[in-house]
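Any read-out appearing in this document is the output of simple, stated calculations on the displayed coordinates, not a laboratory observation. Keep in mind it's a predicted model, so treat the numbers as computed, not measured. All Cβ positions, even for glycine, are placed from backbone atoms using ideal geometry, and neighbour counts span all protein chains on display.
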Amino acid sequence: MPSSTVAQTPSLSTYLKSLKHNDIETSIELFISLLKRRQIKNARPCAIATINLLLRVVGESRIRDAQQLIERIREVGRRLVAAQPREMTVGNIVRRVLEAVREVAERDQDAANGGDSGSISMPSTPISGEPQRRPDYRSRFSEFTPLQGISTQPQDMYARAQAPGERPGTSSSFMDNVAQRPPMASSVASYAGQAPSTTSLFSILQQHPPGRSPFATPPTGTQSPALKSSPTRSEESGADKFDMKAEAINSIQDIQQELDDVDNEISEFAQDHIHNNEIILTHTSSHTVQKFLMKAASKKRKFTVFHAEAYPNNHLETYATIINGGSANSQDADERWKPLTSMGITVILIPDSAVFAIMSRINKVLLAPHTVLANGSIVAAAGASTIALAAKTHRVPVVVLSGVYKLSPVYPFDTDDLVEYGDPGKVVDFQDGEFMDGVDVVNPVYDHVDAELIDLYVTNLGGCAPSYLYRIVADHYRVEDIDLSAKAEAEVEGG
Amino acid sequence: MSEPAKAPEPTKPAEEAKISPAELKKRAKAEKQARRAAQKGDQGDAEAPPAPFTNGVPEEQQAQKQSGPQDSKPKGGQTKSQQQQKQGKPGAQEGKHERRGSQAQPLAMRPKVVQTAPPKEEARKNSKQVELFSHLYTQPRRHDISGATKDVHPAIVALGFQMSSYEICGSSARCVALLVAFKEVIQAYTTPSATSLARNLTSHYLSPQIDFLKSCRPISESMGNAIRWLKKLIAEIDPSTPEQEAKDYLCDEIDRFIRERITVTDQAIASLASGLIKNGSVILTYAKSSIVEKTILQAYANGTRFRVIVVDSRPLFEGKSLATSLMRSGLEVEYLPFSGITHAVKSATLVLLGAHSMLSNGRLQSRVGTAALAMQAHKADIPVIVCCESVKFSGKVALDSIVLNEVAPPEELLPPRVAPSQPPTTDRKDEGDDEESKVKTLHDWQDIAGLQILNLMYDVTPAEYIRMVICEYGNVPPSSVPVVHRLANESM
């Protein structure tokens with residue numbers, strides 16, 4: 001074991017450093033233990049760690065077959081998600097990587113097939129409702145996933161028509177039917193991963209790369225997906241196996257780049273949402289919100305910010321963010337930025353209890369979530385629900401700033417399960433023995449905020465209403481990746 | 001000084017036709033410059049005043065800092081200096097010779113010298129006040145005895161400091177403490193020869209006491225009602241009554257007031273409200289209300305088995321003392337920080353709240369955070385019940401939490417200071433030496449321009465969130481508050 005990390009508390013930065021010289025299995029185990037012990041928490045550090053780990057996994061794997069690579073990633077992803085199911089960003093990134101790999105595989109398969117019958121390379125089975133392994137996290141998501149309806153294919157319908165007794169959610173043996181029925185030249189809206197690559201004239205004119213929605217986050221460095229598709233097909237016929245891994249790594253690096261740029265991309269929209277003399281209310285030490293406001297301030301908007309301190313879980317970081325801007329302990333030196341007050345903006349610190357009192361004078365509420373669920377609701381730091389409800393009462397618009405990486409395709413029923421409970425020692429010191437003995441001290445870390453309380457989402461792809469989020473989910477994830485459990489994969493393969 | 005000024009003047013009538021337009025132009029220009037300089041001086045710009053006069057500046061700044069906590073003094077100083085500035089500037093600008101001449105008189109120059117320094121200090125001081133609540137920053141809290149007039153009775157002094165340090169906190173407690181202190185004060189009073197007790201006691205003796213208390217902490221609605229009642233009582237005393245008899249009468253009446261309107265009322269409300277608590281209830285309450293505490297203990301003593309959830313908030317953490325006392329009595333208590341309200345309302349069946357005052361438009365003024373709790377409970381369809389004695393009912397109305405409120409010192413919100421455990425230089429060398437000086441804590445908030453801290457004490461809960469108000473007159477809806485107020489507080 002390397003001895004260099006002895007004196008430092010394990011955290012994201014130490015983990016990233018250790019990734020370079022540990023072997024894969026050790027890295028995975030290290031990440032799992034960091035997640036379990038909550039030494040890595042909050043969406044972005046978890047996302048960064050996951051993507052780096054998966055990059056290494058893909059890079060070091062000697063697998064040539066796409067399916068095996070997908071299975072490997074699924075296996076790793078399963079373990080990570082099981083370590084901390086409430087840290088949904090981990091699962092989101094795993095699913096994004098899977099989507100990227102599948103897309104690369106599809107492209108290669110198209111090239112290999114030369115555009116023949118060229119139907120879907122993977123089954124588009126809607127996953128049956130398997131509960132997660134961890135017993136206390138009950139989430140059933142098959143029939144109610146937002147992607148359920150989208151995954152319907154002409155082939156599916158044909159298959160289902162053949163087997164009327166079957167439950168719509170189970171896998172059917174439609175693969176047999178595929179060869180018989182010519183694929184329909186459908187207009188390729190945004191069926192994530194389901195767009196059939198056909199050989200009809202229409203498809204040549206469409207110029208959409210198969211399996212990739214034209215509305216998903218564009219890979220950085222490309223103008224449009226269409227330009228990429230045709231040259232690659234002809235070039236890669238011979239060496240496609242080798243290139244598949246390289247391309248997969250490229251796609252993963254694109255996701256990594258997206259993670260780095262997400263705050264900047266969101267803050268590009270700041271001018272559209274903040275005008276002069278606004279009074280804005282925000283909450284916690286979110287860097288996304290701070291950068292958003294900084295961008296507006298740099299465009300010479302003069303506004304006032306009421307900042308609720310988010311006691312007891314986040315208040316010290318909130319003070320640090322207000323006073324010093326970007327934290328001094330940030331991972332890379334680029335992450336430092338000046339505090340808002342240095343740009344001439346008045347920042348007023350208030351305790352959380354005062355949000356209702358001042359809400360009548362607030363013009364806009366900015367929230368940053370921990371996770372965004374596919375139905376438009378969010379899981380945010382504790383206190384956000386009170387703020388959003390007070391805003392609704394006073395008819396104040398609530399804007400949620402989040403990168404697409406926080407958007408989860410999982411749609412659990414019991415929103416109580418999403419709320420994590422933290423250290424009661426932060427509320428009352430454990431030294432207060434008599435109190436802690438006799439009184440039940442509870443410290444919820446997160447709050448679930450209903451979709452009706454939110455007016456607008458600003459993501460790195462732009463602004464949208466909560467009702468549109470399911471489309472963004474469909475653009476970025478595949479149906480078959482929602483359930484990472486081994487049983488689902490086996491079903492798919494066996495069916 | 002006058003000679004150069006006289007020079008242009010004699011020539012003026014002689015060549016009035018020619019020079020006056022030029023003279024007028026010159027004067028207009030001088031006035032414009034003076035106005036601009038006065039504006040700049042208001043904004044605290046350092047360029048406007050002459051630079052070399054630095055002697056007066058540190059002195060004035062020192063005086064400013066001494067009178068720091070009292071805003072009234074610097075404001076007076078500012079207006080004075082502004083007036084002098086406006087007088088001085090035109091004088092200085094009319095002719096450059098003017099200035100040199102007046103340099104010989106340092107005394108006259110000094111007020112002009114420090115013109116920009118106080119406005120700068122002022123601007124900085126005022127920028128620490130939240131503009132929305134600027135009407136509430138009238139008087140900073142007194143923390144020591146300096147400045148108190150000799151008329152203030154020691155009992156009142158002690159009470160004042162107990163209130164400003166939150167030792168006595170809570171509307172009913174403050175009211176009772178005030179009346180008890182007043183009893184002592186009244187007994188110590190002697191009527192001066194020329195006047196009668198009825199006329200003299202209130203205006204010359206009690207008023208300074210009340211002013212002192214106001215300077216320690218703004219008085220509550222219950223205290224206000226009690227003082228009004230007492231003043232009315234004093235005014236109705238027959239002038240022929242001997243002094244000691246009058247004083248004894250007043251003390252007896254005060255005792256009766258406390259007993260009737262607070263002690264017995266509390267018992268009545270407690271027994272009424274405890275009937276609402278059933279077996280298996282989950283009572284949710286916020287911060288610490290003495291009447292809610294009595295209700296819960298009464299219900300527990302009656303044999304009902306239920307559990308209590310207490311939600312608490314910064315900076316006073318009153319809920320913690322309530323939770324402790326309930327726990328010690330044997331109840332099952334759950335304690336949550338304010339951020340846990342959503343969790344709290346999931347399992348609660350009844351919300352009991354105390355009040356600072358009930359406003360005449362049916363709204364509840366109570367500890368800041370109560371409104372948010374009532375809102376969440378209302379959304380979850382949990383009944384919200386307010387227990388409030390009639391002495392707290394008020395004739396005031398408010399639509400928001402901004403006009404009627406109290407702003408506490410922002411320093412109360414600062415986190416406890418963490419002493420640096422190691423010398424800062426050893427561990428952080430890799431971050432560079434610049435970072436050391438840049439890392440500030442919230443305790444440096446005064447130095448950061450644009451950063452303000454707001455510490456509100458009360459908020460106003462809309463009437464639609466309140467199901468019922470329990471007072472000694474029974475269970476009334478919030479809309480009946482003005483009726484009860486008229487009955488109880490105005491027709492005595």
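Remarks
- When peptides B:283-293, B:330-340 are ranked by their average number of other Cβ atoms within 10 Å per residue, the highest-first order is B:283-293, B:330-340.
- Using a cut-off of 29 Å between Cα atoms, the listed pairs B:LYS288/B:LYS379; A:LYS392/B:LYS440; A:LYS36/A:LYS338; A:LYS364/B:LYS288; B:LYS183/B:LYS288 include A:LYS392/B:LYS440; A:LYS36/A:LYS338; A:LYS364/B:LYS288 as exceeding that distance.
- Once the Cα-Cα distance is subtracted from the 0.36 nm per residue extended length, the B:SER127 to B:THR349 segment shows a gain of 75.5 nm.
- Contact order, relative form, for the stretch A:268-464: 21 percent (alpha carbon pairs under 8 Å, 6 or more residues apart, mean separation divided by residue count).
- Legend: mean number of C-beta atoms from other chains within 10 angstrom of residue C-beta atoms, peptide A:337-343, equals 2.
- Peptide A:416-427 has a mean of 2 when you count, residue by residue, the C-beta atoms of other protein chains within 10 Å of its C-beta.
- Model label points for B:GLU490 and B:LEU24, set 7 angstrom from Cα along the Cα-to-Cβ axis, are 6.1 nm apart.
- Within the stretch A:378-413, the trypsin sites (Lys or Arg not before Pro) that combine a DSSP coil assignment with at most 16 other C-beta atoms in a 10 angstrom radius are A:ARG395.
- Within 10 Å of the Cβ of each residue in A:432-441, the mean number of Cβ atoms contributed by other protein chains is 5.
- Close amide H partners of B:LEU350, meaning residues 5 or more places away or on another chain with modelled amide H under 5 Å apart, are B:VAL282, B:LEU284.
- Projected label distance in nm at A:SER467 and A:ASN250, using a 7 Å step from Cα toward the beta-carbon: 4.0
- The amide H of A:GLU309, built 1.01 Å from its N in the peptide plane, has A:ILE350, A:ASP352 as neighbours under 5 Å, considering only residues 5 or more places off or on other chains.
- Dipole-positive endmost among A:ILE348, A:LEU453, A:ILE378 within the stretch A:268-464 (Cβ charges, Cα centre): A:ILE348
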